[in-house]
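Just below is one structure, and these are the notes that go with it.
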Amino acid sequence: MASKSGIVSRLKRRKIQEVLGAGNRMDGRALDEYREITLKTGPMEKTSGSAEVTIGKSRVLVGVKVQIGSPFEDTPEKGVLMCNAEFTPIAHPTFEPGRPGENSIELARVVDRGLRSAEILDFGKLSLIDGSAVYMVFVDIYVLSYDGNLFDAAALAAIAALKTAKRPVHTVKAGVITLTKKTQALKILRSPLAVTLAKIGDTFMVDPTADEEEVLDARLTVAFDEDGNICTIQKGGSDGITTEELHKALELAQVKAAELRKHL
Amino acid sequence: MSKAKITTKKKTTTKKTKEKTRFDGRKANELRPLKIESSVLPNADGSAYIEMGRNKILVGVFGPREMHPRRFAKPNEATLRCRYHMSPFSVDPRRSPAPSRRDTEIGMVMNWAIEPAVFLEKYPRSVIDVYAEVLEADGGTRTACINAATVALVDAGIPMRDLVSSCAAGVIDGQIVLDLGDYEDKEGEADVPVAYLPKLGKITLLQMDGILPIKVFTDCVDLAIDGCLQINEIQREALKKKYGISEEAEE
Amino acid sequence: MSALFESRDLVIPGDVLYEGRIRTGDNTHRSEGKVSASRIGLVNYNRDVVSVIALEAGFSPLTGDLVIGEVTDIQLGRWMVDIDTSEEAVLNVPDAIDAPFNPDIDMTRILDIGDTVVAKIVDLDRRRTPILSILGRDLGRVDEGFLMKLTPSKIPRLIGKKGSMVNMILNKTGCNVVIGQNGRILIHGRTREQEEMAVKVINKVENEAHISGLTSRVQEYLRILKEEKR
């Protein structure tokens with residue numbers, strides 16, 4: 001029950017802290033325990049690839065579209081990856097329609113950076129005519145319900161959608177691009193997955209709910225590839241973390257990322 | 001159903017007398033597969049999901065709640081505020097997530113379609129937000145949105161005079177057909193989306209694009225209303241389903 | 001002149017409930033001599049009135065209602081309190097400390113933004129804004145426990161006849177439960193298990209409020225929960 005006004009309820013904060021003090025969480029989970037996760041690939045038929053992930057009551061839909069566009073000027077012979085996130089107003093009473101707010105931009109950026117750093121695609125192979133026509137891969141993150149931890153849900157849905165995506169195949173003859181009836185998998189080279197930890201007081205926990213996010217002091221999102229390397233980090237929240245806390249947090253996140261990977 | 005048959009037989013004004021099967025195998029007076037589910041969004045006051053053909057749409061209702069900014073509030077009644085929005089991946093090619101002029105217009109006609117069914121006077125100065133998110137579009141999204149929005153409003157406990165049911169009819173190759181899919185919408189001669197209040201007998205959405213003689217147009221309206229009545233039954237079932245256990249337990 | 005359903009049938013807005021002369025009760029309306037449902041719910045025919053017990057409905061504030069809310073703003077001489085109404089409720093200083101307003105009072109010491117309060121609606125002003133009071137026993141700021149939500153139209157079921165349902169939950173779970181008519185429920189137990197048990201039972205009331213025999217089913221459910229605990 002996040003407040004409409006955006007004011008953090010003292011009662012809620014006190015209760016969450018009190019329950020955490022005894023090593024418990026409001027919903028009865030262990031500190032290192034995720035809520036139930038579901039993953040469904042291909043729910044949308046008009047996309048190149050799609051996936052829907054729920055983590056508890058959070059629900060994120062990702063649609064991937066591959067189409068032809070112009071390359072960026074500084075990389076004329078490379079395909080383009082674009083990540084965009086939309087917090088739909090049906091997801092939470094405090095979400096308003098209109099231009100993306102900073103939270104949705106941060107979500108898109110963190111997922112985007114994870115995909116880019118992990119070099120998930122061989123962008124050089126996604127050019128049709130160097131300098132003028134390349135494949136553009138759009139990853140649209142659509143938040144349908146918010147109850148915390150959108151980073152992990154969005155990162156999982158994004159990579160699941162990309163892995164199942166099939167792009168159109170075109171032929172180029174004398175500078176003319178022709179669409180064929182064939183499709184081809186996108187060839188995803190690596191699969192980064194994000195794990196988010198919340199720090200409330202001195203306690204760290206995985207997979208924060210909306211209530212926990214409302215009262216958290218610091219937040220740490222770490223994306224790992226399948227070899228256990230870190231591909232992206234985002235620290236949020238207004239409190240700092242010590243280096244010891246960081247070591248412990250990374251250790252826990254790595255274990256959890258491996259667990260999340262089983263859903264792929 | 002019987003009414004639909006009569007309507008389609010009446011199409012003597014059109015060129016072809018023999019009924020053709022449609023490209024998706026439907027009969028002229030047949031709806032696309034339709035599925036409605038209520039209470040699907042945990043954070044909305046009321047919600048519904050609809051699949052009408054390949055349309056996939058979620059609607060969330062919030063309110064009655066305080067209107068911001070306050071000067072837009074009406075002193076004597078609530079404001080119904082429908083917003084229609086399409087996901088970037090709902091159509092081919094990808095569309096920009098920024099709202100288009102079309103989105104704005106559809107939000108408006110949704111308002112007019114639904115308003116007559118809602119007791120707005122019970123909540124002066126407040127706003128009832130109806131947000132429709134088109135996840136996948138397959139022609140007739142506005143009618144699908146109205147059907148889902150109605151179920152979501154009832155689910156939100158907003159007092160209503162009647163359910164609003166909506167469906168389009170149109171003309172393809174001279175034949176009047178019900179509930180046009182995207183392909184038919186683009187290929188056909190005309191498309192007539194209608195919303196209807198069955199108990200009150202009122203048409204609350206009526207649009208038309210194309211060129212039609214008056215008689216054919218009114219036949220389209222009749223067929224669309226027949227579709228609305230079929231949809232009305234499915235809306236009622238969707239609303240009752242949430243409490244499905246009750247009817248058995250009562251026995 | 002006849003009833004078109006049986007009492008306790010599930011009805012939907014627009015359903016014609018009665019044709020002829022009869023009084024229109026809650027969640028019904030009259031059009032062209034017929035009485036129809038305005039909300040989804042269970043129809044109830046009494047001798048001279050037809051009404052619908054709504055299964056989905058927001059909170060419509062009435063004088064005398066006990067509500068639980070959250071302080072969202074402090075203005076000169078009054079607090080604004082969110083109680084899930086379309087208009088925020090007002091709590092004036094004299095209704096909080098039983099003394100006239102004095103600009104030297106540090107209002108945040110009485111109630112601060114983000115505080116939760118249990119209050120009574122003492123009046124509705126001309127704009128139907130609820131006016132609150134926290135003068136009285138068991139009213140005022142809440143410092144312990146946590147809130148959960150129930151559809152406001154189901155609150156009467158949670159309270160039960162003369163408080164039978166809520167008293168049973170209090171006794172069996174050992175939790176203190178305060179029920180706001182606006183659907184917010186304050187729960188405070190000595191242990192976390194007690195509180196979790198209360199949450200489960202209240203969720204059962206939310207999901208099954210429309211099925212008759214609720215009291216005995218809740219009783220049975222409490223017994224099962226208690227056994228699981230052992």
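Restricting the search to region C:93-114, which residues are at pLDDT 90 or above and not aliphatic (A, V, I, L, M)?
We begin by selecting, within region C:93-114, every residue at pLDDT 90 or above; these are C:93-97, C:106-114.
Once the filter is applied, which keeps residues that are at pLDDT 90 or above and not aliphatic (A, V, I, L, M), region C:93-114 yields C:P94, C:D95, C:D106, C:T108, C:R109, C:D112, C:G114.
Any residue at all in region B:233-251 that's over 22 Å from C:S38 (Cβ atoms), away from chain C (no Cβ under 14 Å) and surrounded by fewer than 23 Cβ atoms within 10 Å (Cβ to Cβ)?
no
Scan region C:82-108 and report the pairs whose first residue is over 13 Å from C:N182 (Cβ atoms) and whose second residue is outside any strand (DSSP E or B) and of a type in the set (G, A, S), with Cβ atoms within less than 7 Å and a gap of 6+ or a chain change.
Taking only residues 6 or more apart or on different chains, the pairs are C:N92/C:G77; C:V93/C:G77; C:F101/C:G77.
Quick check: anything in region B:74-85 among the basic types (K, R), farther than 19 Å from B:G157 by Cα and more than 9 Å from every other protein chain (Cβ to nearest Cβ)?
Yes.
Failed condition for A:V206, given (1) closer than 23 Å to A:V139 by Cβ; (2) surrounded by 22 or more Cβ atoms within 10 Å (Cβ to Cβ), with all others met?
Unmet for A:V206, out of (1) closer than 23 Å to A:V139 by Cβ; (2) surrounded by 22 or more Cβ atoms within 10 Å (Cβ to Cβ): (1).
Condition (residue is at pLDDT below 95 and crowded, with 24+ Cβ neighbours inside 10 Å) applied to region B:101-121: is it met by at least one residue?
no
I'd like to check which helices (runs of 4 or more DSSP H) are fully inside region C:89-207 and have at least 1 residues that are outside the structural domain of C:V218 (by TED's automatic domain parsing).
Working: elements: C:94-97, C:107-110, C:155-159, C:164-173.
Here the list reads C:94-97, C:107-110.
Six or more apart or on different chains, Cβ under 9 Å: which pairs go from a residue in region A:1-12 that's of a type in the set (K, R) to one that's assigned to a helix (DSSP H, G or I) and modelled with pLDDT of 65 or more? Could you list them?
Sorted first by the residue in region A:1-12, then by its partner, the pairs are A:K12/A:D211; A:K12/A:E214; A:K12/A:V215.
If you check B:A132 against the conditions, is it within 13 Å of the chain's Cα centre (by Cα), crowded, with 24+ Cβ neighbours inside 10 Å, within 15 Å of B:A48 (Cβ to Cβ) and within 11 Å of chain A (Cβ to nearest Cβ)?
Considered against the rule, which asks whether it is within 13 Å of the chain's Cα centre (by Cα), crowded, with 24+ Cβ neighbours inside 10 Å, within 15 Å of B:A48 (Cβ to Cβ) and within 11 Å of chain A (Cβ to nearest Cβ), B:A132 comes out as yes.
Okay, residues lined up against (1) crowded, with 21+ Cβ neighbours inside 10 Å; (2) within 25 Å of the chain's Cα centre (by Cα):
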site	(1), (2)
C:V16	no, no
C:D48	no, no
C:E56	yes, yes
C:G64	no, yes
C:V67	yes, yes
C:D73	no, yes
C:G77	no, no
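Got a number for residues in region B:44-86 being farther than 17 Å from B:A149 by Cα and either among the polar types (S, T, N, Q) or free of Cβ contacts under 8 Å to residues at least 60 places away in the same chain (or both)?
10
Within region A:58-68, is there a residue that is more than 13 Å from every other protein chain (Cβ to nearest Cβ), surrounded by fewer than 16 Cβ atoms within 10 Å (Cβ to Cβ) and over 16 Å from the mean Cα position of the chain (by Cα)?
Within region A:58-68, none of the residues are more than 13 Å from every other protein chain (Cβ to nearest Cβ), surrounded by fewer than 16 Cβ atoms within 10 Å (Cβ to Cβ) and over 16 Å from the mean Cα position of the chain (by Cα).
The values are calculated or read from the model by the stated rules, or taken from the named source; none is laboratory data. Since the structure is predicted, the reported quantities are computational estimates derived from the model, not experimental observations. Heads up, the Cβs are rebuilt from the backbone with ideal geometry, glycines too, and the neighbour counts pull from every protein chain shown.
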